[in-house]
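Here the structure comes first, spelled out in structure tokens, and everything after it is commentary.
The values are calculated or read from the model by the stated rules, or taken from the named source; none is laboratory data. Note that this is a predicted model, so its numbers are computed, not measured. Because the Cβ atoms are built from the backbone with ideal geometry, glycine has one as well, and the counts that use them run over all protein chains shown. SASA here: full protein model, heavy atoms, side chains in, ligands and nucleic acids out. Shrake-Rupley method; radii C 1.70, N 1.55, O 1.52, S 1.80 Å.
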Amino acid sequence: SIKDDWPGYSLDLFTYPEHYHDDIENIYIPHGVIMNRTERLAHYIMDDFRDDNIMVLCVLKGGYKFCADLVEFIKILGRNSNKYLETRVEFIRLKSYLNDQSTEDLHIIGCQDLSFLRGKVCAIVDTGKTMKALLKHVETFEPKMVKVAGLLVKRLPNMAESLTDYVGFEIPNRFVVGYALDYNEYFRDLNHICVLSRTGKMKYKI
């Protein structure tokens, strides 16, 4: 859990694409910390699903790095132990943000038929957005069980009980980018999770 007054790390302490220098305020969660936490989540998942194969539903585009790293850690843990969790990965693409504001509409782009989930143990891997609407959609296809792994869960004033079973980081309600999280398709190439500056918001606003 990251506190509301957490100032992040100075940009001088890390490497990042130089063309983003004025567009980000700070390094909020360094890449190494993300990887360490993701490995810990993989341990939790291995313990919970030791007797099941799982269908991993990766939410694009923002969840692709988290999903790839999480699945890779699960494979590594399996190779180094006497239990191996077989994973099959499928993808769904959602869009719910315009600039830095979440819209009311959830747009499923691409495959909407998730009938391959019927009767399967499903793990949804996302960065934390749009989960309530997605869960409602997924459950219409009658999977055997659904668990959610979310890299980020934001603390909101009217926040209901978290829908995420495996939480990477609980953070304040700040708009962050990097590690595949974008602002109008920019900043996905940052390895760290960063806070977007006012300059960056104006520069890439549509």
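Sub-8 Å Cβ pairs linking a first residue in segment 176-197 that is at negative phi and modelled with pLDDT of 95 or more to a second residue that is polar (S, T, N, Q) and crowded, with 16+ Cβ neighbours inside 10 Å, at least 6 apart or interchain, are Cys194/Asn26; Val195/Asn26, ordered by first then second residue. Do any residues in segment 80-92 that are without any contact (Cβ under 8 Å) to a residue 40 or more places away in the chain have Cβ atoms under 7 Å from those of residues that are open to solvent by 50 Å² or more (accessible area, probe 1.4 Å) and part of a loop (DSSP other than H, G, I, E, B), where the two are at least six apart or on different chains, and which pairs are they? Every condition considered, the pairs that remain are Lys83/Arg50; Glu86/Asn53.
Per this entry, Lys147 is counted among residues that are closer than 17 Å to Ile45 by Cα, modelled with pLDDT of 85 or more, out of contact with any Ser or Thr (no Cβ under 7 Å at 6 or more places or on another chain) and surrounded by 12 or more Cβ atoms within 10 Å (Cβ to Cβ). Count of segment 28-54 residues, restricted to those that are part of a loop (DSSP other than H, G, I, E, B) and touching a residue at least 24 places away in the same chain (Cβ under 8 Å), is 5.
For segment 171-205, filtering for residues that are charged (D, E, K, R) and closer than 20 Å to Phe66 by Cα leaves 5.
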